[in-house]
1. Can you grab the distance from the C-alpha centre of region A:106-145 to the C-alpha centre of region A:235-274, Å, no decimals?
2. What translational diffusion coefficient, in µm²/s and rounded to a whole number, does the Stokes-Einstein relation yield for region A:222-287 at 20 °C and a viscosity of 1.002 mPa s, taking the hydrodynamic radius as the Kirkwood radius over Cα pairs?
3. Ignoring everything except DSSP H segments at least 4 long, calculate the 222 nm mean residue ellipticity for chain C; use -39,500 (n - 2.57) per segment, divide by total residues, nearest 500.
4. Which FRET efficiency value, to the nearest 0.05, do you get for residue A:10 and residue A:53 by plugging their Cβ-Cβ distance into 1/(1 + (r/R0)^6) with R0 = 60 Å?
5. Rank the residues A:73, B:71 as a footprinting-exposure proxy: fewest other Cβ atoms within 10 Å of their Cβ go first.
6. Using a 10 Å cut-off on Cβ to Cβ distances, tally the other chain neighbours for every residue of C:51-63 and report the average as a whole number.
7. Averaged over peptide C:18-27, how many Cβ atoms belonging to another chain are found within 10 Å of each residue's Cβ?
8. Expressed in nm², what is the orientationally averaged projection area of the convex hull enclosing the Cα positions of the protein assembly as shown?
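Derivation of every value follows stated rules applied to the coordinates shown; laboratory data play no part. Here the structure is a predicted model, which is why all the values come from computation and not from measurement. Glycine also receives a Cβ, built like all others from the backbone with ideal geometry; neighbour counts cover every protein chain displayed.
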C-alpha cells in the first residue's frame, strides 16, 4: 500500500496535502432563480422550474444531482465504474438525495452530512482518501433545493410568511467534482483545515448567516495561524453562504483577531443572485458554493486568472427538531487551499 | 353591524398590532396568532369582543381573535342553557362554519392544485 | 419596519373591508344579523384557499405580513398550504395527518381558553 509522506499534520486542524490531488472535472446544474442570476452563463445546465415534471421536489433535486454527477464524469472522460468512491451529502433528512443518486451510480458510497459545508467536507475526505493510497478517482457531489429544504426545515411552500431581511434563499441546484491524481490543468488541493463545531448561541433558523460566521472565522483564523499564513497569501478567500449579514460578521471577527481579509474576500451567497431577485441576505444551501465555485471560480482557475484560492464552506448543522426544542444552531466551516 | 370605515380601521389596527409583534419579538406566527386567539377568548368571556364586532363588523369578525371569541361564546351560551356540560357540547357551535370550510376547501385544493414553491 | 407596519395596516384593512362587503351582501340576502358571520367567514376562507392553491397567496403575504396572517385568511392559508404540500405523502399520511400542523396550536389554545373562560362564567 502506497503512503504519501508529503502530507503533514500542522496543528490541530490543518493538513498540508502537497498538491498531489486535483479537481479533474466539475459540473453544475442550476434551478430557475439561479439561471436568472449573474453567474448563469457559467452553469452547465439550467432548469426553468423547480419541479422538473417530477412527482415531488425531492425527486427533482435527486435528478439534478444525478445530472451533475454524469456531466462531471463525462467531462473527465470517466464513467461511474472508474470511481473508487462517491462522497455525497445534501440538506434532506438522512441525505436521501445523495443516497438515491448513489443507488443510480452504483459506486461505493460514503454519505456525509455537513449541510452547506458538504462540498468542502467531501473534497477534504476525497483528497485524503486518494492521497492515502485508498483510491485513485473519487466523485464528490452535493445538491440543495429551495422547496424540499423549506418543506422539511420550515414551512410548506405555499404558506404565507414574511421572511426577515436577514434571511437567505436556499439555492436550487447541484454540483459534482471528479477528484484524481494531479496531472493536467486541474487545480490542486494544497492544504485542508477541518473545522470544529462552533455554536454562537444563535437560535433563529432564519439567521443562518450570523449562526455560521463565527465558525467560518474560527476555521479561517486557525488556518492562518497553523499554516503561518496571512490573507495576502491568497488571490481569493471564498466563503460558501454567509450572505450579506454573515459576510460582514466574519470580516469583523477576523479583523478583531488581527486578520483583515476584506481585500481578498467574497461570499458565494451574495454573488449568486441579483439584488432585484428579492433574496434578502443572499443565497444559501449546499449548492450555493457548488454553483458559484465549480461554475465560475473553478473556470477562472483553469484559465490561470486565479492561482490560490481559500475555499471556506460553511454549514449550519441544526435539525428540524432542534429549533422546536429551542436549541441553538451549531455551525461548522471547512477550508481548502486550492492552487493551480 | 359595523361600517366600511370602522371595518377597515379596526381590522387594519389589529393587523398592525400583529405586525409589531412579528417584527419586534422572536415569536413565530404560530405563537403570535395563538396569543390573539387567547386574547379573543378572554375578551369574549368578558363580553367586550361582541361590542367590538358591533362597532367594527368584519373588522373584528375576520381577525383570528374572533375565533377565540366564538369558541368562548359557544361554550358559555350552551353552558347557560344546559349546565356546565354545555362548555363541552357548545364549544364548536359558532366556529363550525370556519373549521368545516377550512377542512373541506383544503381537501379540494389539495386535489386540484400542486405546490409551486 | 415602518413599511411592514403600513403594509399590514393597508392589507389587513382591505381584507376586512372586503369582508364587510361580503357580510352586508349576506345580510341583504336575508341572513339574520347574528348568523351572517358564518357564511362571511366561509367565503373569505374559500377565497384564501383558492389563492393559496393558485400559488399567489404567499406572494401577497410576503408584502402584507400580518395583514394576511392575522385575519382568518392566515388560518385558511396555513391549513390549505399544509394540505397541498403534503399531498405528495398521500391522503392519509400526508394531507389528512398534516393538515392542521400549523393551525393546530391556534385551535388548541382557543379551545382551552374558551374552556377555562366557560368554566369560570358558569361557576360565577
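1. Using only Cα atoms to place each centre, the spacing works out to 25 Å.
2. Here the translational diffusion coefficient equals 169 µm²/s.
3. That calculation yields -24000 deg cm²/dmol at 222 nm.
4. 0.75
5. The fewest-first ordering by Cβ neighbours comes to A:73, B:71.
6. Shielding by partners across C:51-63 averages 5.
7. The mean count of partner-chain Cβ atoms within 10 Å per residue comes to 5.
8. 28.2 nm²
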